[in-house]
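These notes concern the structure reproduced below.
The values are calculated or read from the model by the stated rules, or taken from the named source; none is laboratory data. The model shown is predicted, which means the values in this text are computed figures rather than measured ones. Here the Cβ positions follow ideal geometry from the backbone for every residue, glycine too, while neighbour counts run over all protein chains shown.
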């Protein structure tokens, strides 16, 4: 039986969509490792995009407070960016759930973080806590 060179397998896997990415993990151990590496890359890519979007939102809010832009324009821009961030978060949670399912996460602490994030996202919460603020009742002694 002829084997496929690793470079060809890597090229195939990098061109798969997020939904089809994990199909290759059941082919053999080498493919599983390549899929795992690609999944981590995509996880990191989504995390960076989410962080960049959050920074853009913060910049828009600062411009609104300085009255450089009108509140309607700022509200529309923030809503649009929040929708993008929600999409990227959904994609990221999908990838980490699949990684968890296929036992690609070996660190127990990372596994617990993923379980928590997934449950927060499934219940409609903000898994990354970007808009978290201290409440008055938490500041009391």
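Laid out as a table, the results:
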item: Odd one out for residue 34 among (1) farther than 22 Å from residue 87 by Cα; (2) modelled with pLDDT of 85 or more; (3) touching a helix residue (DSSP H, G or I) at 6+ places or on another chain (Cβ under 9 Å); (4) loosely packed, with under 14 Cβ neighbours inside 10 Å; result: (4)
item: Criterion: without any contact (Cβ under 8 Å) to a residue 12 or more places away in the chain and on the phi > 0 side of the Ramachandran plot - qualifying residue of 103, 64; result: 103
item: Candidate set from the stretch 4-27 (those that are out of contact with any helix residue (DSSP H, G or I) (no Cβ under 9 Å at 6 or more places or on another chain) and assigned to a loop (DSSP other than H, G, I, E, B)); member that is surrounded by the most Cβ atoms within 10 Å (Cβ to Cβ); result: 20
item: Selection within the stretch 70-93 - exposed (fewer than 14 other Cβ atoms within 10 Å of the Cβ), over 20 Å from residue 118 (Cα atoms) and either in contact with a helix residue (DSSP H, G or I) (Cβ under 7 Å, 6 or more places away or on another chain) or in contact (Cβ under 8 Å) with a residue 12 or more places away in the chain (or both); result: 71
item: Enumeration of residues in the stretch 37-52 that are under 15 Å from residue 90 (Cβ atoms) and either surrounded by fewer than 17 Cβ atoms within 10 Å (Cβ to Cβ) or in contact (Cβ under 8 Å) with a residue 40 or more places away in the chain (or both); result: 42, 43, 45, 46, 47, 50
item: Positions within the stretch 53-69 being surrounded by 17 or more Cβ atoms within 10 Å (Cβ to Cβ) and under 21 Å from the mean Cα position of the chain (by Cα), in sequence order; result: 53, 57
item: Single match in 57, 96 (criterion: in contact with a helix residue (DSSP H, G or I) (Cβ under 9 Å, 6 or more places away or on another chain), within 19 Å of residue 37 (Cα to Cα) and touching a residue at least 12 places away in the same chain (Cβ under 8 Å)); result: 96
